[in-house]
Structure formats: structure tokens, C-alpha cells
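*Asks:* This is the structure I have questions about; it appears just below.
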């Protein structure tokens, strides 16, 4: 690779930012763009966390909120994204396999970005109750961007530490196997 390649370990290619794997990517995990800068649908591993590159739908995606798949439409350049996401209304999060991933930042409508798919992250609990370490978690059906303790193994997440209602907890999340209990 040339030292000025966007995919090379170079200052101009982003190597000076200090991000893991920047040599293999054209973007950092926080980059948002109106046109695709990576292959849409590609999975990126950063340590134990997996992220997917996709296009936000016609509505903005808010950090921490669950996202689902929606109809693909062409962008301003005529590119039809094979993977387009929409922020899910909290009352739909009871549907089996509804959540596909989670927004790691605010993403404007019809923009491309990285979305969280699996790994360890900090989750916001809703105000209805806390969680004990090892407790199962599922997306809240009353508060957007929040999680609640599940009565049984739900497949979405489990807490790695104790946390009070309305607080945050470190958790392992896996949207691949997600189902709600």
C-alpha cells in the first residue's frame, strides 16, 4: 500500500488517530457521511466488539436506541444501500428479533455510519428497576434507549456489574441471538 492510501498505516490515511484497525478502514467508528465510505454491511471488530456499517433510514438515529431493518432507497448519488436501518419505537421492542443493532452516536437521517452489533458496552437502565451482575437485560418497552432486567434468558444482554434503577451498567450485548422474554 502506498503511504498516502486511505487504507494504509499512514498519517494522511488516519494512522495518527490511534484507532485500532485504522489501517484497514477508510473511517473511524465515529465518522458519519452522506455517501458510503466503507462497504455497506461489512462487520468490523474492535477488540471484543462488532460493529456494522450501514445507512440510517429517513429518520435520525439517536445514540443508545435500538435499530431495525427498513426498506432500501437510493441516496443522492444513486447508490441503493443494501442495509438501511430505522430507529425502533419502544412499543415495538417486544417483537421477536425486532432489534438488529444499536446506535453508538447520533446519526442524521440518510447518512452512513457504524452501528453496534455485539460486545461489551455501557447500557442505560430505565427508572423501573436495577440489575444484579449476571442478570439478563432486554430493551425497555417504555423508555427509548434504555434497558430493563429480563425475567429469563432473553438472548440480548447480561449485566457484568450491579446497577441501580436509572443508572448505567457494563453489559455484554449480542443482537445476533436476540429474542425477548
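*Asks:* I need the peptides 49-58, 35-44, 115-124 ranked by packing, meaning the mean over residues of other C-beta atoms within 10 angstrom, with the highest value on top.
*Replies:* Values: 49-58: 21.6, 35-44: 14.3, 115-124: 18.5.
Those peptides, ordered most packed to least, come out 49-58, 115-124, 35-44.
*Asks:* On average over all directions, what projected area in square nanometres does region 29-119 have, based on the convex hull of its Cα atoms? Mind showing how you got there, number by number?
*Replies:* Values: hull surface 22.1 nm².
That works out to 5.5 nm².
*Asks:* Placing one identical point scatterer on every Cα of region 120-174 and ignoring solvent, what is log10 I(q)/I(0) from the Debye formula at q = 0.12, 0.13, 0.17, 0.32 Å⁻¹?
*Replies:* Each listed q corresponds, in turn, to -0.18, -0.22, -0.38, -1.49.
*Asks:* Let me ask something additional. Expected output is a single nm value to one decimal: the length gained when fully extending between residue 35 and residue 168, i.e. 0.36 nm times separation in residues minus the C-alpha distance. What is it?
*Replies:* Details: separation 133, 0.36 × 133 = 47.88 nm, distance 3.37 nm.
That works out to 44.5 nm of additional length.
*Asks:* Listing 90, 131 from the residue with the fewest other Cβ atoms within 10 Å to the one with the most, what is the order?
*Replies:* Taking fewest neighbouring Cβ atoms as first place, the list is 90, 131.
*Asks:* Once you have the Cα-Cα distance between residue 161 and residue 28, take 0.36 nm times their residue separation minus that, and quote the gain in nm to one decimal.
*Replies:* Details: separation 133, 0.36 × 133 = 47.88 nm, distance 2.87 nm.
Result for the pair: 45.0 nm of gain on full extension.
*Asks:* What's the FRET efficiency of residue 109 with residue 143 using the Cβ-Cβ distance as r and R₀ = 22 Å, to the nearest 0.05?
*Replies:* Plugging the Cβ-Cβ distance into 1/(1 + (r/R0)^6) gives 0.45.
Values quoted throughout were computed directly from the atomic coordinates according to the rules given, and no laboratory measurement underlies them. All values reported here derive from a predicted model rather than from experimental measurement. Note that each Cβ is placed from the backbone with ideal geometry, even for glycine, and that neighbours are counted across all protein chains shown.
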